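Take a look at the structure set out below.
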Amino acid sequence: MPAEAGQPPPILTQKSDGVTTLTMNRPARLNGWTLEMMDALRQALDAAAGDVDTRVVILTGADPYYCAGVNLASTLRPAHPRRMRALIIQHNQALFDMFLDFPKPLLVAVNGPAIGASVTSATLCDGIIASERATFSTPFAALGIPPEGCSSVQFARIMDTANAARMLGEEGWKPTAREALEAGLVEWTAPHEKLAHTARGIALQWIAEGANRHFRGGSTRAELKAVNASESIALADAFLGAAFIRGQFRFLSRKRKWGPAAMFLGMLVTRPLWSRLL
């Protein structure tokens, strides 16, 4: 999808010495995953996958955020309930399959706060390096939805079951970069101003070692794709539940985003009728 008139591209691409750096470039929107951003990221990853000169990809964000996660208000559209459920499953599964299917080593350089799907997708990559300004939030329990992005299995494998439960459960633990390093969520940290340089050094080392794509925690691509498919179904069911819809309406109302809030209010009021069509 092309950039809106007068705006720079949503993804900036820089290539040098076999390393391609992709920078999510909507800082005013906290690099949130709107349809525009996700389409641009998919195109950039496809281009890197097919580029013979690209050996390793670094994914990062334009300050101050790494990524605020999926922007639901921009991705959900009114449709027949059965169709909407199918689309939620399709879109969520495709988002994480985009990372799972990427064929080359992928390093995530988290330059600031990371929320939701931007955290879980990072754990599907070969490694994570975090700036001292980074935090990691997966507020699924607070939103009334189940884990996504394979986090139901991957978090416990790369950290441990206790830390996974802290992040995915009611506590909603939001570790800092240092805490994430101690827990095993990330593998390296760096001063903020040295993040890009340090990430590039790791990428060049991978190239020198002839590193291939791998998944952390001993996971396999086939296994994670099956988990992603199962989680996507559970997520769609939760998204169409009254608790989640009510929570979205309240959240958007507090943000004074009246248009999207009205959409969720309409869904909530009419749910007793349309839920019969699921």
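The values are calculated or read from the model by the stated rules, or taken from the named source; none is laboratory data. Everything numeric here is computed off the predicted structure, so don't read it as measured data. All Cβ positions, glycine included, derive from the backbone under ideal geometry; neighbour counts span all protein chains shown. Remember, those area values only see protein heavy atoms, side chains included, never the ligands or the DNA or RNA. Shrake-Rupley method; radii C 1.70, N 1.55, O 1.52, S 1.80 Å.
Assorted remarks:
- If you take all other residues with their beta carbon under 11 Å from the beta carbon of Ser219, and give Lys and Arg +1 and Asp and Glu -1, the sum is +3.
- Each Lys or Arg adds one and each Asp or Glu subtracts one; over the other residues with Cβ under 10 Å from the Cβ of Cys150, this totals -1.
- 16 Å reach of a label modelled at Asp101, 7 Å along Cα-to-Cβ, counting backbone N of region 203-223: 221-223
- Ranked by the mean number of other Cβ atoms within 10 Å of their residues, highest first, the peptides 60-70, 33-43 fall in the order 60-70, 33-43.
- Separation of alpha-carbon centers, region 225-278 and region 147-186, rounded to whole Å: 25 Å
- For the chain, the solvent-accessible area with a 1.4 angstrom probe is 46 square angstrom per residue.
- Here r is the Cβ-Cβ distance between His91 and Ala208 and R0 is 45 Å; the resulting FRET efficiency, rounded to 0.05, is 0.75.
- Cα-based convex hull volume of region 133-244 per residue, rounded to whole Å³: 116 Å³
- Whole-number percent relative contact order across the chain, with pairs defined as alpha carbons under 8 Å at least 6 apart: 18 percent
- Using a probe of 1.4 Å on the protein chains alone, the accessible area found for His91 is around 90 Å².
- Calculation over all alpha carbon pairs of region 67-122 in 10 angstrom steps from 0 returns a P(r) of 19, 45, 28, 8 percent.
- Cα shape, region 155-212, gyration tensor, a/c 1.5 rule: oblate
- Two-site label geometry, Ser230 and Asp46: point separation in nm, points 7 Å out along Cα→Cβ: 3.0 nm
- Shape category assigned to region 186-274 from the gyration tensor of Cα positions, a/c cut at 1.5: oblate
- Here is the list for region 222-256: trypsin sites (Lys or Arg not before Pro) lying in DSSP coil, each with at most 11 other C-beta atoms within 10 angstrom of its C-beta, are Lys255, Arg256.
- Take every Cα pair under 8 Å whose residues are at least 6 apart in sequence, average their separation, divide by the length of region 1-128, and the relative contact order is 26 percent.
- Coarse-grained scattering of the chain at q = 0.11 Å⁻¹, given as base-10 log I(q)/I(0) from a Debye sum over alpha-carbon atoms: -0.62
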